[in-house]
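Here the structure is laid out as structure tokens; the discussion comes afterwards.
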Amino acid sequence: MKFILAKKVNMTQIFGENGAVQPATILSVELNVVSQIKTKEKDGYSAVQIGSGTRKGKNISKAVKGQIKDLEGFSDGKFGFRAMKEFRMDESSLNNYKKGDKISVEAFAVGDKITVSAVSKGKGFQGVVKRHGFHGGPRSHGQKHSEREPGSIGGGGREGGKVAKGMRMAGRMGGDRVTVKNLKVLGIDAEGNTMLVSGAVPGRRGTLVEIRSK
């Protein structure tokens, strides 16, 4: 299993050998460091925790400082990781990693199929047309100001005239963890620490992106 943390940079497009255009996303990959190995015996499950990026030590808790104090570059407590994530795996696969290992963009290759997870853009309070894809009311026959209304939400034949639980209505939209499967690595730039991935990746520019592949 391969995994890494990256940052969404921008979307672009490339042209294939047959001239067809392919949408793609550029991801910036800062150096990833294995910060902890978790085992079933000690932690109840097996996983590899990695940290990416840096942030000032004043913004890091003492618990995390104590955890990473023996890592190269973090012993003085002035800096810490910008993000830390865990990737679960089989106990047998933990032998391939040890604390302090560095993971670069070269861990992946062109053509690899990957799964990407990130937090989607927050869109605030939205109506049913944008949030759930409702068609809205008719535009003619005496209707007025009902183009984007949800319509009836009650009814005697459902819940006895009450609003049924789980009814799709207006509300907060976005800001959810979204996972996209079967994306493909289109390009690797080891010098620039960037990766080109097919299709769209959830989130705004600068969003932390989790990438994993079997």
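The values are calculated or read from the model by the stated rules, or taken from the named source; none is laboratory data. Remember, predicted model here, so these are calculated numbers, not experimental data. Glycine also receives a Cβ, built like all others from the backbone with ideal geometry; neighbour counts cover every protein chain displayed.
For segment 20-28, indicate whether the set of residues that are farther than 25 Å from residue 194 by Cα and within 24 Å of the chain's Cα centre (by Cα) is non-empty.
If we filter segment 20-28 for residues that are farther than 25 Å from residue 194 by Cα, which is where we start, we get none.
Checked against the condition, which is being farther than 25 Å from residue 194 by Cα and within 24 Å of the chain's Cα centre (by Cα), segment 20-28 yields no hits at all.
Are there any pairs, at least 6 apart or on different chains, whose C-beta atoms fall under 9 Å, with the first in segment 1-27 and free of Cβ contacts under 8 Å to residues at least 12 places away in the same chain and the second surrounded by 10 or more Cβ atoms within 10 Å (Cβ to Cβ), and if so, which?
Every condition considered, the pairs that remain are 13/22; 13/23; 13/24; 15/22; 16/22; 21/14.
If you go through segment 101-129 one residue at a time, how many are more than 19 Å from residue 193 (Cβ to Cβ), in a strand (DSSP E or B) and among the small types (Gly, Ala, Ser)? Even if it seems obvious, please write down each step before you answer.
Here is the first cut: in segment 101-129, the ones more than 19 Å from residue 193 (Cβ to Cβ) are 111, 113, 115, 117, 119-129.
This time we only want the ones that are in a strand (DSSP E or B), so: 113, 115, 117, 119, 122-126.
If we keep only those that are among the small types (Gly, Ala, Ser) as well, we get 117, 122, 124.
Within segment 101-129, residues that are more than 19 Å from residue 193 (Cβ to Cβ), in a strand (DSSP E or B) and among the small types (Gly, Ala, Ser) number 3.
Looking at 125, 108, which is the one that is at pLDDT 95 or above and of a type in the set (Phe, Trp, Tyr)?
Details: 108 fails: at pLDDT 95 or above.
Going through 125, 108 in turn, just one is at pLDDT 95 or above and of a type in the set (Phe, Trp, Tyr): 125.
Considering only segment 139-178, how many residues are under 30 Å from residue 202 (Cβ atoms) and basic (Lys, Arg)?
Residues meeting the conditions: 5.
Residues being hydrophobic (A, V, I, L, M, F, W, C), buried (at least 18 other Cβ atoms within 10 Å of the Cβ) and under 18 Å from the mean Cα position of the chain (by Cα): count how many of those fall in segment 88-119.
5
Taking the residues in segment 30-75 that are β-branched (Val, Ile, Thr) and over 23 Å from the mean Cα position of the chain (by Cα) as candidates, determine which candidate is surrounded by the fewest Cβ atoms within 10 Å (Cβ to Cβ). Even if it seems obvious, please write down each step before you answer.
To start, the set of residues in segment 30-75 that are β-branched (Val, Ile, Thr) comprises 33-34, 37, 39, 48, 50, 54, 60, 64, 68.
This time we only want the ones that are over 23 Å from the mean Cα position of the chain (by Cα), so: 39, 68.
Working: 39: 12, 68: 23.
The selected residue is 39.
Answer yes or no: is there a residue in segment 9-24 that is hydrophobic (A, V, I, L, M, F, W, C) and in contact with an Asp or Glu (Cβ under 8 Å, 6 or more places away or on another chain).
no
What are the residue pairs meeting all of these: first residue in segment 66-79, first residue farther than 15 Å from residue 100 by Cβ and in contact (Cβ under 8 Å) with a residue 24 or more places away in the chain, second residue of a type outside the set (Val, Ile, Thr) and part of a helix (DSSP H, G or I), Cβ atoms under 7 Å, and 6 or more apart or on different chains?
79/57
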